[in-house]
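The values are calculated or read from the model by the stated rules, or taken from the named source; none is laboratory data. A quick note: this is a predicted structure, and the numbers were derived from the prediction, not measured. In this analysis, Cβ positions are derived from the backbone assuming ideal geometry, glycine residues included, and neighbour counts consider all displayed protein chains. Heads up: the accessible areas ignore ligands, DNA and RNA and are worked out on the full protein's heavy atoms, side chains in. Shrake-Rupley method; radii C 1.70, N 1.55, O 1.52, S 1.80 Å.
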Amino acid sequence: MKKRNLMSLLALGLISGATLAACGSSDSDTSSDSAAKSSTSDDKFSVVMVTDVGGVDDKSFNQSAWEGMQAWGEENNKEEGTEGFKYLQSNEDSEFVTNLNSAVQAKFDLVFGIGYKLKEAMTDVSGQNEDQHFVIIDDMIESPNVASVLFKDHEAAFLAGVAAAESTESGQIGFIGGQESDVISRFEAGFVAGVKEIKPEIDVKVEYVGSFGDAARGKQLAAAMYSSGIDIIYQAAGDSGNGVFSEAKDLMNADDSKKLWVIGVDRDQNDEGKFDTGNLTLASTLKGVGAAVKDISNEALAGNFAGGEVVNYGLAEGGVDLTDGNLTDEVKEKVAEYKQKVIDGEIEVPQKP
Amino acid sequence: MNNKSKLDNILVPVFSVILGLLLGALIMLVFGYNPVAGYQAMVQGAFGSSFYIGETLRQATPLIFTALGFSVAYTAGFFNIGVAGQALLGWLFSVWFALSFPEIPGIILLFISLIVGALAGALWAGIAGFLRAYFNTSEVIVTIMLNYTALYTANYLIRNVLSESSDTTARIPEGASLRWAWLSDLTSNSTLHGGIFLALIMAVVVWIFMKKTTAGFEIRAVGLNPFASKYAGMSTKRNIIISMLISGSLAGLGGAMEGMGTFQNIFVQGGIPSIGFDGIAVALLGLGNPVGILFSALLFGALKIGGNSMPLVADVPTEVVDIVIASIIFFVGANYLIRMVVDKRAKLNKGGVK
């Protein structure tokens, strides 16, 4: 009766258990294999990055860091893995501490935290592991085993503002940020200042998605902006910014008589702007996260880890910039002119809106 | 016969977990990854060292609270989807209180902050309970909407009241923290905090309340048959509100665990906190039984924390890990289906023999 039923359940459980156990033994072979492999390679310097919630395919901030790390690996003949370079993705804020600790326990030589959101977690973990080297991007941690990398995002955003004000036809410009924070405020402040520098009468419409990982809401905000007459949107929103591109592309594919533009962020987003009959990426502000990751990894590899230091990357240092994208020659000249002014210190770009 | 159904109660969740793991293995195979290496990495990453055990327990802590909260309302016949929002407000107000009164000595501050968190959750759930009791609105819709209200209210308060347009608040006073040094030392600096003991205590308290007290009996009676219990002289309205208040206060405590333990602050949230919905799944897998909830919360903690190690150790990409975890949760959610199959087979067998 019911017993038979139970027995069949039990039997199934046993069988599946046995199969798993059998596979388990075969797996222990492979793991000893990899251990053997690792002992043969003599140079063991390895780096790892812990992403914020955007992930390495956000086509922007995290991705550019990951590309820098991949480039570093290629340069130094490293392979992706615990012996070379690797990324750990965080899906939630509570995973930062876990991921940072996993990185420490996996014995990586250098641990990158990509983004200001990791500051609290990294402060704790770096305090508990004083022999481990860390790097925080976009924020500052004062500790001898942490190097801090800051970018003058407002300077690049200022140039984006200049380009937008010079290129707009409708005279209306929008800004879509990811999450309100010191870093994204820098983008906003610089961009608005750039627009005002050229056309003081334009009021930049500013909206925040509230997340770096919500492309759907980014798309909604972009739809509202474009339908209100705005023709250029600068997005500093990580993965959420992909929604802005997607909305602009949908609109342009439906009707390309009225030009709409997106200004990309953090890496050259020209490819993101391709639509059926053209390209709608006006330009992209560059943030040399990848270059910074590569430089610092190389220096640490050579034994010169910049622990306790704060490295500042601005226009003058070539750490941030604006791509030419689809700017007209006239606008390009204007941008170059203002770039020089910022580098010379003639213009002080504000950091806060 | 009674023993029999008890055995079934254990078998069904266990079976759904096994099926979920098998489906997850299949998915890893299809994507070309070694499922055994994957699961090995997961187990290692959840229980492999004292650090990971600490993290797993820490992950399970708020889930125990939210699951207990959900199960109390569920027993009374309500589907409190709002545990997420109630937890968020519990988190917010416990941190807010701790930040506002740093002069109160540590342990007392901690105690009051937790109560404030529980009250915040209770009041938020109470709205839905009140509307349900007096206007017969659907608690599902009301609590879903209240989740969003809680999310945006919390984000606004964090940005404009609790900080100067920053996205995180300051940390709570050290003394009020649930993170006890000896727990961190014991687990090689994991974020495990004293909340786990509170969670265990609350599981016992909820069990005693539901099984051994009159109030608990009334809640169960209302859940089983509101008309009969009304006929027996119980106030349905009162029980609806009481069960929602208890549910909300437990959820609020779950949120306070994040604030006073895991993070020691609160930051602008990109979405509704996952401890709410995970808590619902935990409660359903644990069949609303406090002991079952403890085990299923542990399982969820292990999945989440262990899953983090899979990309690092077994090269299974994060996306596939998420699918694997989701497939396990899917079967957990579908345990009614498994129960149905088991019951049907049992009936068939009975008929066959006779």
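Scanning region B:162-205 for residues that are of a type in the set (Lys, Arg) and within 23 Å of the chain's Cα centre (by Cα) turns up just one, B:179. One residue alone among B:197, B:130, B:217 is away from every other protein chain (no Cβ under 14 Å) and either modelled with pLDDT under 90 or surrounded by 16 or more Cβ atoms within 10 Å (Cβ to Cβ) (or both), and that residue is B:130.
Answer with yes or no whether residue B:313 is farther than 26 Å from residue A:239 by Cα and at the interface with another protein chain (Cβ under 10 Å from one of its Cβ atoms). Yes: the conditions hold for residue B:313. Let me confirm something: among A:216, A:302, A:254, which residue is at negative phi, open to solvent by 60 Å² or more (accessible area, probe 1.4 Å) and not assigned by TED's automatic domain parsing to the domain that holds residue A:184? Of the residues listed, the single one that is at negative phi, open to solvent by 60 Å² or more (accessible area, probe 1.4 Å) and not assigned by TED's automatic domain parsing to the domain that holds residue A:184 is A:302.
Of A:86, A:59, all but one fail to be modelled with pLDDT under 90 and either more than 26 Å from residue B:190 (Cβ to Cβ) or among the basic types (Lys, Arg) (or both); the exception is A:59.
Here is a yes/no grid of residues against (1) under 18 Å from residue A:292 (Cβ atoms); (2) more than 9 Å from chain B (Cβ to nearest Cβ); (3) among the acidic types (Asp, Glu); (4) under 19 Å from the mean Cα position of the chain (by Cα):
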| position | (1), (2), (3), (4) |
| --- | --- |
| A:85 | yes, yes, no, yes |
| A:92 | no, no, yes, yes |
| A:99 | no, no, no, yes |
| A:102 | no, no, no, no |
| A:106 | no, no, no, no |
| A:111 | yes, yes, no, yes |
| A:119 | yes, no, no, yes |
| A:125 | no, no, no, no |
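Looking at region B:134-152, which of the residues that are touching a residue at least 40 places away in the same chain (Cβ under 8 Å) and open to solvent by 50 Å² or more (accessible area, probe 1.4 Å) is farthest from the other protein chains (Cβ to nearest Cβ)?
B:134
Within region B:169-188, restricting attention to residues that are surrounded by fewer than 20 Cβ atoms within 10 Å (Cβ to Cβ) and closer than 30 Å to residue A:353 by Cβ, the residue that is nearest to the other protein chains (Cβ to nearest Cβ) is B:171. The set of residues in region A:53-83 being surrounded by fewer than 20 Cβ atoms within 10 Å (Cβ to Cβ) and more than 14 Å from the chain's Cα centre (by Cα) consists of A:70, A:71, A:74, A:75, A:76, A:77, A:79, A:80, A:81, A:82, A:83.
Within region B:328-338, restricting attention to residues that are touching a residue at least 40 places away in the same chain (Cβ under 8 Å) and open to solvent by 10 Å² or more (accessible area, probe 1.4 Å), the residue that is nearest to the other protein chains (Cβ to nearest Cβ) is B:338.
Of all residues in region A:322-343, those that are open to solvent by 20 Å² or more (accessible area, probe 1.4 Å), touching a strand residue (DSSP E or B) at 6+ places or on another chain (Cβ under 8 Å) and assigned to a helix (DSSP H, G or I) total 1. Looking across region A:219-245, the residues that are farther than 25 Å from residue B:167 by Cβ and either open to solvent by less than 40 Å² (accessible area, probe 1.4 Å) or of a type in the set (A, V, I, L, M) (or both) come down to A:223, A:226, A:229, A:230, A:231, A:232. Taking residues in region B:258-281 that are open to solvent by less than 10 Å² (accessible area, probe 1.4 Å), and partners anywhere that are among the acidic types (Asp, Glu), the pairs with Cβ atoms closer than 7 Å and at least 6 places apart or on different chains are B:268/A:180; B:268/B:167.
One residue stands out among those in region A:57-87 that are in contact with a strand residue (DSSP E or B) (Cβ under 6 Å, 6 or more places away or on another chain) and among the hydrophobic types (A, V, I, L, M, F, W, C): the one that is farthest from residue A:241 (Cα to Cα), which is A:85. Listed by first and then second residue, the pairs with beta-carbon distance under 7 Å, at least 6 apart or on different chains, first residue in region A:118-130 and closer than 13 Å to residue B:179 by Cβ and open to solvent by less than 40 Å² (accessible area, probe 1.4 Å), second in a helix (DSSP H, G or I) and not hydroxyl-bearing (Ser, Thr, Tyr), are A:124/A:97.
Can you pull out the residues in region A:187-202 that are open to solvent by 30 Å² or more (accessible area, probe 1.4 Å) and either within 14 Å of chain B (Cβ to nearest Cβ) or more than 30 Å from residue B:267 (Cβ to Cβ) (or both)?
Result: A:196, A:197, A:198, A:199, A:200, A:201.
You will find that of A:307, A:319, the residue that is open to solvent by less than 60 Å² (accessible area, probe 1.4 Å) and more than 23 Å from residue A:175 (Cα to Cα) is A:307 and no other. Within region B:64-94, track down each residue that is open to solvent by less than 10 Å² (accessible area, probe 1.4 Å) and touching a Ser or Thr at 6+ places or on another chain (Cβ under 6 Å). B:69, B:72, B:73, B:76, B:80, B:82, B:83, B:87, B:94, listed by residue number.
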